[in-house]
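Reviewing the structure listed below.
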2 protein chains.
Amino acid sequence: MTLPTIEELNLLHATICQAVGDPRRMQILYALHAQSRNVTAISECLDIPQPTVSRHLAVLKNSGLVTAERDGRSVIYRLVDERIIGVADTMRDILRDSLERQSDILE
Amino acid sequence: MTLPTIEELNLLHATICQAVGDPRRMQILYALHAQSRNVTAISECLDIPQPTVSRHLAVLKNSGLVTAERDGRSVIYRLVDERIIGVADTMRDILRDSLERQSDILE
DNA sequence: CTCACATATTCGGATCTGTGAATATGTGAC
DNA sequence: GTCACATATTCACAGATCCGAATATGTGAG
């Protein structure tokens, strides 16, 4: 893997990083990982207002991480690339180890 | 891996995600991955003003991803957890595939 | 102690992002 | 067409973040 240019990093930031860079969006990604859902279902299972969910989904769709498919009156959102969950899980591991390291130092 | 709570995601966002969520910070992470360096060296090799580098390093240090160790007059910054580079690389892969998918659709 | 190098911090301003509330658009049932 | 459900969008505002420029702090050489 070659070193990324600043232009590539800018694009990465404008898409994938921005998508992952919000707690609620990550919550939505995990919810879609468990099961594809429509907006109302996401709104209810995460207890987030519907307009907020729609806005977050627009960001996720723009990043290419999810797709939208109309099904009758509702729109089903699907996670396109499951690797993003692996990314999130690894970040959680890193954070967990970092916190552990800090508490070790305090002792 | 269990589902993250919104509290855990908030903490994750305030640390790891925030650290990765800036193009220049990611550039610094890659630079430190290649070799541990002091502030001036980073500033010069990435062509970023020194105060800006210092500020970004403070964020990265706060996230627990890098450590600072004084060595004489300079301070050497080191990447603590190399897994973050894997995370960044995977995100680049995801973006690349996403762009490819989009260009396929246009044809 | 003084000077020069190395790093960190403060300040003001511009920009971005998320949110709730309200509203608009789209879709199917009847 | 009309109504109800489903989703998307607009608006104003609050908060966060980034930056360049200037300045402050810290450290070692002499």
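The values are calculated or read from the model by the stated rules, or taken from the named source; none is laboratory data. Everything quoted here is computed from the prediction, not taken from an experiment. Using ideal geometry, Cβ is built from the backbone for each residue, glycine included, and neighbour counts are taken over all protein chains shown.
Scan the range B:66-76 and give yes if some residue there is more than 15 Å from DNA strand C (Cβ to nearest atom) and of a type in the set (Gly, Ala, Ser), otherwise no. So that I can check it myself, show each step before the final result.
Of all residues in the range B:66-76, those more than 15 Å from DNA strand C (Cβ to nearest atom) come to none.
No; the residues of the range B:66-76 include none that is more than 15 Å from DNA strand C (Cβ to nearest atom) and of a type in the set (Gly, Ala, Ser).
If you check A:Arg78, A:Arg70, which single one turns out to be within 16 Å of DNA strand D (Cβ to nearest atom), over 22 Å from B:Thr90 (Cβ atoms) and surrounded by fewer than 20 Cβ atoms within 10 Å (Cβ to Cβ)?
Numbers: A:Arg78 fails: over 22 Å from B:Thr90 (Cβ atoms).
Within the list A:Arg78, A:Arg70, the selection yields A:Arg70.
With respect to B:Leu3, is the statement that it is closer than 28 Å to A:Ala19 by Cβ and within 16 Å of DNA strand C (Cβ to nearest atom) true? If you could, list the steps in order and put the result at the bottom.
Working: closer than 28 Å to A:Ala19 by Cβ: yes; within 16 Å of DNA strand C (Cβ to nearest atom): no.
So B:Leu3 does not fit the description; no.
Does A:Ser63 count as under 23 Å from B:Thr2 (Cα atoms), under 17 Å from the mean Cα position of the chain (by Cα) and not charged (D, E, K, R)?
Working: under 23 Å from B:Thr2 (Cα atoms): no; under 17 Å from the mean Cα position of the chain (by Cα): yes; not charged (D, E, K, R): yes.
Judged against the criteria, A:Ser63 is not a match.
Please verify whether A:Asp104 is farther than 23 Å from B:Met1 by Cα and away from DNA strand C (no atom under 16 Å from the Cβ), treating the condition exactly as stated.
Numbers: farther than 23 Å from B:Met1 by Cα: yes; away from DNA strand C (no atom under 16 Å from the Cβ): yes.
So A:Asp104 fits the description; yes.
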For the range A:70-90, name all the residues that are within 13 Å of chain B (Cβ to nearest Cβ) and free of Cβ contacts under 8 Å to residues at least 12 places away in the same chain. A:Arg83, A:Gly86, A:Asp89, A:Thr90
Condition broken by A:Ile76, with the remaining ones in (1) modelled with pLDDT of 95 or more; (2) assigned to a helix (DSSP H, G or I) satisfied: (2)
Count of the range B:11-47 residues which are within 10 Å of another protein chain (Cβ to nearest Cβ), within 12 Å of DNA strand C (Cβ to nearest atom) and surrounded by fewer than 17 Cβ atoms within 10 Å (Cβ to Cβ): 1
